[in-house]
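Peer 1: Before I ask anything, let me first share the structure, which is written out below as structure tokens.
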Amino acid sequence: MLRPWAAPWIAAVLLCRALAQYSSDQCSWRGSGLSHESHRRDVEQVYLRCSQGSLKWLYPIGAIIVNLRPNTESSSGHVADLYVCIKPRTYSQGANVYVERAGDLRLLVADGDQALSTVHCFNLAEGALFVEATPQTDISRRITAFQYELVPSQGPGALMYPFLQPALVSCKPCSDEELLMAVCTSDFAGSGFFPGVVSGTNNAVTLRRLFRQKSGVFSRGGARGRTWSGRVNVPSQCGVHPGENEYLLTGSVHFGEAWLGCAPHYKDFLNVYIRAQEEGTNPCQIDAH
């Protein structure tokens, strides 16, 4: 519903008192409330056109409307097929975050809850993000900051996305074709083992091979830097176990964290890879031995 005090904000937008602000890379935005401190009722428009990025608002004053769209969008009809997930930084404070559509505001993250760094999602068709500075006597230490990701509401991407339907996310038995494609297209791919107990989030993993990775979630370690180490979130139905069992490890990276996808025993994957190599059906080549 439209909150009574919200009318001046929305009217400000409709009367074009808002300031237009465009991100230099269309993915992330950084700004300061001090740029319009004398106009505390200003609403600043931010336009981001990427599947993921971040926002950092120093000294929040007034409000920001964050308009999110994928950079591949060809028509407005695609908006209903997308969800937005945001994750506040642990140091984020100084503003409430709402979902806004035609003057209606729905609270998404309260100012005092941002330090929990919990992921919150909504359908993009519901509207834009409305970030409103909370009254402060001293704004010198206030920074509102969060990361965002856009994810399709249907298809494999949605089913494996850990924040939309967490109970349904699992390391499903992948077909031979899916395993080969996962090595080529996943955010990370390698082989390794879990030295300790495997349960839920933040599991230690050691990789003997690293075929590809995104965002540097694994770092070199061990004697002469011949292995990689890192942390992986493991869905409960993955069926991996600690010890010397070597697994093929593929998956996705969300908000800087690795999530495990297909994870068969590496020797089983190697048989699939060699057979596809002999048949010339590999979608990409890796140093599998």
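The values are calculated or read from the model by the stated rules, or taken from the named source; none is laboratory data. Quick caveat, the model's predicted, so the values are computed rather than measured. When we count neighbours, we look across all protein chains shown, and the Cβ atoms used for this are built from the backbone with ideal geometry, even at glycine.
Peer 1: Would you mind listing the strands (runs of 3 or more DSSP E) fully within the range 86-178 where at least 2 residues are among the small types (G, A, S) and in the same structural domain as N71 (by TED's automatic domain parsing)?
Peer 2: 128-133
Peer 1: Oh, and also: Could you grab me the full set of residues in the range 191-212 that are surrounded by 14 or more Cβ atoms within 10 Å (Cβ to Cβ), β-branched (V, I, T) and more than 16 Å from S252 (Cβ to Cβ)? Steps first, please.
Peer 2: Taking the range 191-212 as the starting set, the residues that turn out to be surrounded by 14 or more Cβ atoms within 10 Å (Cβ to Cβ) are 191-195, 198, 203-212.
If we keep only those that are β-branched (V, I, T) as well, we get 198, 205-206.
Across the range 191-212, the qualifying residues are V198, T206.
Peer 1: Could you check the range 206-259 and list, in sequence order, the residues that are touching a Pro at 6+ places or on another chain (Cβ under 8 Å) and either of a type in the set (A, V, I, L, M, F, W, C) or not assigned by TED's automatic domain parsing to the domain that holds M181 (or both)?
Peer 2: Within the range 206-259, L248, W259 meet the criteria.
Peer 1: How do the strands (runs of 3 or more DSSP E) wholly within the range 203-285 filter down when requiring 1 or more residues that are over 15 Å from T185 (Cβ atoms) and more than 22 Å from the chain's Cα centre (by Cα): which remain?
Peer 2: Strands (runs of 3 or more DSSP E) meeting the threshold: 203-212, 218-221, 227-233, 247-254.
Peer 1: Next question, about the same structure. Can V169 be described as aliphatic (A, V, I, L, M), surrounded by 17 or more Cβ atoms within 10 Å (Cβ to Cβ) and in contact with a His (Cβ under 8 Å, 6 or more places away or on another chain)?
Peer 2: no
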